[in-house]
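Have a look at the structure below before the remarks.
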Amino acid sequence: MIRIALDAMGGDHAPQAEVEGAVQALSDLPPGFLIQLVGRRTAIEAELARFPSVDRARIEIHDAPDVIRMDEKPLAAIRRKPHSSLAVGLGLQKAGKSDALVSAGNTGAVLVGATLLLGLHDGVERATVATLFPTSDQPVLVLDAGATVDCSPRELVGFAWLGTIYMQDVLGRSNPKIGLLNVGEEDEKGNAATKEAHALLRQASGLHYVGNIEGRDIVAGHHKYGMVDVVVADGFVGNIVLKFYESVARLIVRLVKKEAPTVLQMPEIQRIFKLLDYAEYGGAPLLGVKGVAVICHGSSTPNAFKNAIRVAGQAVTGNLSAHIAAHFARRDSESQA
């Protein structure tokens, strides 16, 4: 049985979107999946009543009276609200009663809560938020997407390893290509951190590091390396790139609606816009913690929650956390030899 806890109170449209997303997910997932809705029981029950045909044997409700708001300071909120939906959801995993958490709540609180309650794998210096960017070919994983705004060179190398393991375990890419996001591809380009990270990545045995790449190369591909699989950046740059990328999709939709509205009815165009829809990718895994946590947009739709639950399930079935632990333990032993 795979048990996935869903923070039912974290998003902008809680608990309606979360509950409906859970119901949709159960219709797609095999019988061995159980969804644990965490939050205010009365509100969750009221939403579940809208879906009388759902199999309640595959749903648990874990009461959590408190909610961590988006404007709260993460560390203080986690410590002050141990009965929040986020803390209770993470607590289930810590106690071995759950296998994964999905939350659209305060991103900083998810990061801090997962780090404190679940802990980091030995050898992991920072957890990282990894986000898939759609391309015309296969999606590209960008990390960090906002967890840590200032990263050391060693942390950037750690992100490259975490991204590599995720792409291998979850997306099945055996030898993913890694690029370091920079202001130019030459060795001497970048700030002090990216220059040192570039040198360390070049020396890292076992990583398929192709070199520095620029922002245009993320989704269009590099003129020499082609499409990369993993793009490494600090959280400051990564989050700006992510938010800009999301705005481009909205701009395209507005332009089409303005200049050629009938085109939107074409099945081919609808498939393209679906490809650009963040909801199809569900959420961003928080890599490096001892367990599975998936972070969603605060404005996530039921479809986004459904897909985030799928992403969490893939991480569990792929033994992602165990593989990260084994890899970093092996790296530590090799560095001490």
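The values are calculated or read from the model by the stated rules, or taken from the named source; none is laboratory data. Keep in mind it's a predicted model, so treat the numbers as computed, not measured. Reconstructed Cβ throughout: ideal geometry from the backbone, glycine too, with neighbour counts over all protein chains shown.
Some notes on this structure:
- The C-beta contact set for region 308-332 (first residue under 16 Å from Leu26 (Cβ atoms), second residue among the polar types (S, T, N, Q) and at pLDDT below 95, distance under 8 angstrom, 6+ apart or interchain) comprises Ala308/Ser300.
- The one condition in (1) surrounded by 12 or more Cβ atoms within 10 Å (Cβ to Cβ); (2) more than 28 Å from Ala127 (Cα to Cα) that Asp217 fails to fulfil: (2)
- Residue within region 292-304 that is assigned by TED's automatic domain parsing to the domain that holds Ile218, touching a Leu at 6+ places or on another chain (Cβ under 7 Å) and within 30 Å of Leu116 (Cβ to Cβ) present: no
- Selection from region 142-157 of residues that are surrounded by 20 or more Cβ atoms within 10 Å (Cβ to Cβ) and either modelled with pLDDT under 95 or outside any helix (DSSP H, G or I) (or both): Val142, Leu143, Asp144, Ala145, Gly146, Ala147, Thr148, Cys151
- Filtered residue count, region 207-228, keeping only those that are in a strand (DSSP E or B) and touching a helix residue (DSSP H, G or I) at 6+ places or on another chain (Cβ under 8 Å): 4
- Residues that are assigned to a strand (DSSP E or B) and of a type in the set (Gly, Ala, Ser), drawn from region 236-287: Ala284
- For region 171-182, filtering for residues that are of a type outside the set (Gly, Ala, Ser) and either modelled with pLDDT under 95 or outside the structural domain of Pro139 (by TED's automatic domain parsing) (or both) leaves 3.
- Selection count, region 134-161, where residues are out of contact with any helix residue (DSSP H, G or I) (no Cβ under 6 Å at 6 or more places or on another chain) and either of a type in the set (D, E, K, R) or assigned by TED's automatic domain parsing to the domain that holds Leu111 (or both): 4
- Residue that is farthest from the chain's Cα centre (by Cα) [pool: residues in region 6-43 that are under 20 Å from Arg69 (Cβ atoms) and of a type in the set (Gly, Ala, Ser)]: Ala43
- Restricted to helices (runs of 4 or more DSSP H) entirely inside region 1-119, no element has at least 2 residues that are in contact with a Gly (Cβ under 8 Å, 6 or more places away or on another chain), surrounded by fewer than 16 Cβ atoms within 10 Å (Cβ to Cβ) and modelled with pLDDT under 95.
- Counted residues, region 191-210 - those being crowded, with 19+ Cβ neighbours inside 10 Å and among the small types (Gly, Ala, Ser): 1
- Some residue of region 315-334 being over 27 Å from Leu116 (Cα atoms) and surrounded by fewer than 19 Cβ atoms within 10 Å (Cβ to Cβ): yes
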